[in-house]
Amino acid sequence: GGNFALLAAALQEAVPAVRQTCDAQGGYFLVAQTDGQSDVELCMQLAEERGVVCTPMSVFYSTPFEPEQPCTLVRFTVCKSRAYIERACAALRGEARPR
């Protein structure tokens, strides 16, 4: 719960390309939907600009997405320590890059 809420808030506050996060009652991952940007593009952008990595959900599909209708879901791992998630949130907000 706590890590999920922290990361969801940081994504919605600091990453304009994230349209919404998918609600979850538990689990290891947070799934976010982009505003239409492809999942791969957002993953690359966050890694390069903020030092935060996530997984494009399109890698889990056997059929490729069409360029005009890309996959718009990305997955973040939330089963990390609170300190790790807090560093990721700070990096998303542009406060610091994770080490």
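Of note:
- Label point distance in nm, Q12-E86, each placed 7 Å from Cα along Cα→Cβ: 2.2 nm
- Take the Cβ atoms of M44 and C22, set R0 to 30 Å, and the FRET efficiency comes out at 0.90.
- Cut-off under 5 Å, modelled amide H: who pairs with A96 long-range: A91
- With contacts taken as Cα pairs under 8 Å and at least 6 residues apart, the chain reaches a relative contact order of 33 percent.
- Between segment 60-88 and segment 1-57, the alpha-carbon centres lie 6 Å apart.
- In sequence order, calculated HN-Hα J values of segment 27-39 (Karplus, 6.51, -1.76, 1.60; Hz; x Gly/Pro): x, 9, 10, 10, 10, 10, 9, 7, 7, x, 5, 5, 4
- Computed extension gain for F60 through R93, at 0.36 nm per residue and net of the alpha carbon distance, reaches 9.1 nm.
- 3J(HN,Hα) from dihedral phi, segment 83-90, Karplus parametrisation 6.51/-1.76/1.60, rounded to Hz, x for glycine, proline: 4, 4, 5, 5, 5, 5, 4, 4
- Computed with the Debye formula from one identical point scatterer per Cα of the chain, without solvent, the log10 of I(q)/I(0) at q = 0.13, 0.18 Å⁻¹ comes to -0.41, -0.79.
- Counting only protein heavy atoms and a 1.4 Å probe, segment 1-40 has 53 square angstrom of accessible area per residue.
- Taking Cα atoms only, the orientation of helix 2-14 departs from the longest principal axis of the chain by about 70 degrees.
- Applying the Karplus relation 6.51 cos²θ - 1.76 cosθ + 1.60 with θ = phi - 60° to segment 91-96 yields 3J(HN,Hα) values of 5, 4, 7, x, 7, 6 Hz, where x marks Gly and Pro.
The values are calculated or read from the model by the stated rules, or taken from the named source; none is laboratory data. Given the structure is predicted, the values throughout are model-derived calculations rather than measurements. We place every Cβ from the backbone using ideal geometry, glycine too, and count neighbours over all the protein chains shown. When the accessible area is computed, the model is the full protein with side chains, heavy atoms only, and any ligands, DNA or RNA have been set aside. Shrake-Rupley method; radii C 1.70, N 1.55, O 1.52, S 1.80 Å.
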